[in-house]
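**Q** Quick one: structure below, then a few questions.
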Amino acid sequence: MTMDSTQFLLPNRIYIFLAPLGTAAPTGVDDAPAAGWVNVGYTAPDSLSFSTEPEFQPVETAQSDYPAMQYQTSESGSVSAVLKQWNKHNLRSVFGGGTVTSDQAGVFKFVPPKIGGREEVALMTHAQYGDKKYRFVYPRAMQMEGVQLDLHKGGESTLPLSMGILGSDLLDPWYLITNDPAFGPVTP
């Protein structure tokens with residue numbers, strides 16, 4: 001492989017979509033998300049993050065000071081972002097569910113989910129740089145962290161979205177689709 005600056009990724013646009021569990025994800029990078037996918041709207045420019053955490057178990061031996069082998073025991077992942085738009089969809093997403101009701105005109109009440117009431121969702125992020133597009137799809141995700149809301153006089157208040165990636169024998173925990181030519185066959 002040679003050094004090639006055309007293989008850099010400097011996203012100039014990033015979008016985050018959430019949908020009810022089981023909603024079909026687009027199969028192409030230019031396909032519009034189907035009904036059910038909701039764009040969370042504005043996010044902080046440097047806030048989208050995806051991480052994985054593999055865990056390994058060492059096999060120790062009397063013949064070495066180092067493990068003779070390592071085997072993977074589990075894998076976990078998470079996606080986080082800072083949402084700028086306050087609305088019922090985003091508040092429910094940040095808290096993992098809950099209900100929004102209205103007892104009188106123009107007054108709304110949000111109640112977070114009770115223990116055991118958090119909802120699984122489908123999650124998709126879309127990043128693009130020029131003509132290159134990257135879509136990360138997470139068929140099963142759930143909000144699994146505490147929430148800290150900072151409300152400052154005269155300052156912007158945001159919503160911290162943090163989703164854990166869930167697995168299944170039937171679905172890939174996450175996958176990437178892209179039109180980036182660097183992922184194609186290697187040519188001499």
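**Q** Could you tell me whether any residue of the stretch 142-151 is in contact with an Asp or Glu (Cβ under 7 Å, 6 or more places away or on another chain) and either loosely packed, with under 10 Cβ neighbours inside 10 Å or of a type in the set (A, V, I, L, M) (or both)?
**A** yes
**Q** I've got another one for you. Step by step: first the residues of the stretch 34-72, then only those that are of a type in the set (Val, Ile, Thr) and not in a loop (DSSP other than H, G, I, E, B), then the one that is least open to solvent (accessible area, probe 1.4 Å). Which residue is that? Even if it seems obvious, please write down each step before you answer.
**A** Step one: list which residues in the stretch 34-72 are of a type in the set (Val, Ile, Thr), which gives 38, 40, 43, 52, 59, 61.
Now narrow it down to the ones that are not in a loop (DSSP other than H, G, I, E, B): 38, 43, 52, 59.
Details: VAL38: 58, THR43: 33, THR52: 65, VAL59: 52 Å².
Per the stated criteria, the residue is THR43.
**Q** Could you check the stretch 146-188 and list, in sequence order, the residues that are farther than 27 Å from ASN12 by Cα, in contact (Cβ under 8 Å) with a residue 24 or more places away in the chain and not aliphatic (A, V, I, L, M)?
**A** Listed by number, the residues that qualify are GLY167, SER168, ASP172.
**Q** I need the full set of residues from the stretch 152-163 which are within 30 Å of GLN7 (Cβ to Cβ) and surrounded by fewer than 16 Cβ atoms within 10 Å (Cβ to Cβ), in order please.
**A** Listed by number, the list is empty, since nothing qualifies.
**Q** Just the residues that are over 20 Å from GLN85 (Cα atoms) and out of contact with any Asp or Glu (no Cβ under 7 Å at 6 or more places or on another chain), please, taken from the stretch 114-132.
**A** Across the stretch 114-132, the qualifying residues are LYS114, ILE115, GLY116, GLY117, ARG118, GLU119, GLU120, GLN128, TYR129, GLY130, ASP131.
**Q** Regarding the stretch 77-92, can at least one residue be identified that is of a type outside the set (Phe, Trp, Tyr), part of a loop (DSSP other than H, G, I, E, B) and either farther than 25 Å from ALA35 by Cβ or modelled with pLDDT under 95 (or both)?
**A** Checked against the condition, which is being of a type outside the set (Phe, Trp, Tyr), part of a loop (DSSP other than H, G, I, E, B) and either farther than 25 Å from ALA35 by Cβ or modelled with pLDDT under 95 (or both), the stretch 77-92 yields no hits at all.
**Q** Right, something else. Please go through the stretch 37-79 and give me each residue that is free of Cβ contacts under 8 Å to residues at least 40 places away in the same chain, in contact with a Leu (Cβ under 9 Å, 6 or more places away or on another chain) and of a type in the set (Ser, Thr, Tyr), ordered by number.
**A** Within the stretch 37-79, SER47 is the sole residue that qualifies.
**Q** Turning to a different aspect of this structure: Since GLY116 meets every condition but one in (1) open to solvent by 50 Å² or more (accessible area, probe 1.4 Å); (2) in contact (Cβ under 8 Å) with a residue 24 or more places away in the chain, which condition does it not meet?
**A** Going through the list (1) open to solvent by 50 Å² or more (accessible area, probe 1.4 Å); (2) in contact (Cβ under 8 Å) with a residue 24 or more places away in the chain, GLY116 breaks only (2).
**Q** Of all residues in the stretch 8-33, which are more than 20 Å from SER49 (Cα to Cα) and open to solvent by 50 Å² or more (accessible area, probe 1.4 Å)?
**A** Hits for the stretch 8-33 are PRO20, LEU21, GLY22, ALA24, THR27, ASP30, ASP31, ALA32.
**Q** Acidic (Asp, Glu) and within 29 Å of ARG13 (Cβ to Cβ): which single residue out of ASP103, ASP131 fits that description?
**A** ASP131
**Q** Any idea which residue in the stretch 73-103 is farthest from the chain's Cα centre (by Cα), counting only those that are over 16 Å from ILE165 (Cβ atoms) and loosely packed, with under 12 Cβ neighbours inside 10 Å?
**A** ASP103
Quick grid of which residues meet (1) touching a Pro at 6+ places or on another chain (Cβ under 9 Å); (2) within 21 Å of GLY167 (Cβ to Cβ):
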position	(1), (2)
THR23	yes, yes
GLY28	no, no
VAL38	no, no
THR43	no, no
ASP46	no, no
SER49	no, yes
THR61	yes, no
SER64	no, no
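The values are calculated or read from the model by the stated rules, or taken from the named source; none is laboratory data. What you see is a predicted model; the values in this text were computed from it and never measured. For neighbour counting, all protein chains shown are included, and Cβ atoms are generated from backbone atoms with ideal geometry for every residue, glycine included. Surface accessibility is based on the protein's heavy atoms, side chains included, excluding ligands, DNA and RNA. Shrake-Rupley method; radii C 1.70, N 1.55, O 1.52, S 1.80 Å.
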